[in-house]
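See structure below.
The values are calculated or read from the model by the stated rules, or taken from the named source; none is laboratory data. These figures come from a predicted structure and were not determined experimentally. Because the Cβ atoms are built from the backbone with ideal geometry, glycine has one as well, and the counts that use them run over all protein chains shown. Protein only, heavy atoms only, side chains kept; ligands, DNA and RNA dropped before computing areas. Shrake-Rupley method; radii C 1.70, N 1.55, O 1.52, S 1.80 Å.
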Amino acid sequence: MTTQTTNRAMSLFILFLVVSISVFIWFGGIRFFNQLPLPVFIRFLLWMSLFYALFFSPLLFYLRTLGQKGPLFDAMAWVGYLLMGIYSILICGVMARDLAGALISLLPFTSTKGHAAMALPFVPARRGFLINGINLAIAGSTATLAGLALKGGLKAPEVVTVTHPAEQPGLKGLRIVQISDLHVSHTIRRGMVERVVSQVSALSPDMVVFTGDLVDGSVAMLRDDVAPLADLAPPMGKYFITGNHEYYSGVRPWLDEVARLGFTTLLNSHLTLNYKGAPLVLAGVTDYHAGRLVPEHASSPKQALSGAPEDAYRILLAHQPLSFTEAKAQNCHLTLSGHTHGGQYLPYTWVIHAVQPWVAGLYEEDGHRLYINRGTGFWGPPFRLGSPSEITLHLFS
């Protein structure tokens, strides 16, 4: 990656952070906390909790560099991510309130320049009561949505069965289990990984594929937590591709660790497998943007399928659904992706459709199929609402 590209990526990241922090402070603090009829001390505590939600992550990173570790870190992360989730829902409500207020102010009857009969008298007490009532409704809605989202986040992943046509007779009965975006970290530990392994094993898969974003943290920090994945032993093997978070967590050490767990990693490469006499090409690419961080890992479906037999059924593992366009050009029958989490929780389960062409579930274009797993874990806030976590069983019939 060139210095210019690196600087541009860093500039965009800093801009994103500045905008995000500004939005949280403006809508969460200035436009909401400061309007609440609360004692100054309570309002101060709310402000402190908002700042903690925004800055606990770099705080944990700094403490880890000092050699600090232990259960306290998990507790700090749980509090921080819960607050982040709560406030992300809250600011959406405040933004909706302010937008509605701005639109109402444009209506003729809200202006003294409109019809005199429709002009409303300005009564401070009535206005204050209305504002307090709206803010109370926002707070209540936020608490309700956050509670439901937390309950959904802590539930075991649901098993989603997707049926695909066996385009070759020998593929009939093939069972592929897909897991993705587990995000083992401070909030997803060994117990949750063991639960996932148990669920996957109960499905009796012929093959297991992991479509990226296994971890958020170093091998030294999370080795014991991911260890149960070694217990998966499908007869046709288990396969792994990198997601964007592997590159944030130290991709090379994690590739070594994934191999130790018994996975075959497909880095822009493929294998020709055999199921009941039918050839099956399983290819995998690195994360769509991996080349920005590790130039030799630049994602390439073309390279991954170079030399693959043309008459075999082709499956491509690609963490980001954006690879689907090139997968179609390489005549991949089925592309398996993750990355989006389906938005993870409201209101982002709606918002994500504005930034992603393919979000969750099964798509078919020109005879080529794309399936997007909503994520087996969660990232950041332990929330799931409107987009449950999942383990996918791909069944060929």
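Points to keep in mind about this one:
- Long pairs among Lys172/Lys238; Lys155/Lys328; Lys238/Lys302, criterion Cα-Cα beyond 25 Å: Lys155/Lys328
- For region 258-397, DSSP calls about 50 percent of its internal beta bridges antiparallel.
- Once the Cα atoms are used to define both axes, helix 40-65 deviates from the longest principal axis of the chain by about 30 degrees.
- Note that region 83-93 has calculated 3J(HN,Hα) couplings of 5, 4, x, 4, 6, 5, 6, 4, 5, 5, x Hz, one per residue in order, obtained from phi through the Karplus relation 6.51 cos²θ - 1.76 cosθ + 1.60 (θ = phi - 60°); glycine and proline are x.
- With each label modelled as a point 7 angstrom along the Cα→C-beta vector, the Tyr52-Leu362 pair spans 4.6 nm.
- For region 294-363, the spread of Cα positions along each principal axis, largest first, Å: 44, 29, 15
- In the chain, the DSSP beta bridges split such that about 35 percent are antiparallel, to the nearest 5.
- Three principal axis lengths of the chain [C-alpha, angstrom, descending]: 82, 54, 47
- The slack in the chain from Val18 to Arg43, taken as 0.36 nm per residue of separation less the alpha-carbon distance, amounts to 6.7 nm.
- On a per residue basis, region 287-397 carries 37 Å² of accessible surface, using protein heavy atoms and a 1.4 Å probe.
- Rolling a 1.4 Å probe over the protein heavy atoms leaves Ile30 with an accessible area of roughly 70 Å².
- Tilt relative to the chain, helix 251-260 - C-alpha long axis, 0 to 90 degrees, to 10: 50 degrees
- Tail weight of P(r) past 25 Å, computed on alpha-carbon pairs of region 150-298, percent: 31 percent
- Just the protein heavy atoms count here, and of the accessible area of the chain at 1.4 Å, carbon and sulfur take up 65 percent.
- Modelled FRET efficiency - R0 22 Å, Ser201 with Lys155, Cβ distances, 0.05 increments: 0.70
- Computed over region 210-279, Kirkwood Rh from alpha-carbon pairs, angstrom: 13.0 Å
- Cβ-derived FRET efficiency at R0 30 Å, Leu36 paired with Leu63, nearest 0.05: 0.40
- Amide H to amide H distances under 5 Å link Ile391 with Glu158, Val159, Val160, where only residues 5 or more positions off or on other chains count and H is placed in the peptide plane.
- Distance from the alpha carbon centroid of region 215-253 to that of region 85-99 works out to 35 angstrom.
- Note that region 266-393 shows a convex hull volume over its alpha carbon atoms of 116 Å³ per residue.
- Among Tyr363, Leu316, Gly342 the positive-end extreme of the charge dipole of region 243-397 (Cβ point charges): Gly342
- Compared with the dominant Cα axis of the chain, that is its longest principal axis, helix 190-202 is turned about 50°.
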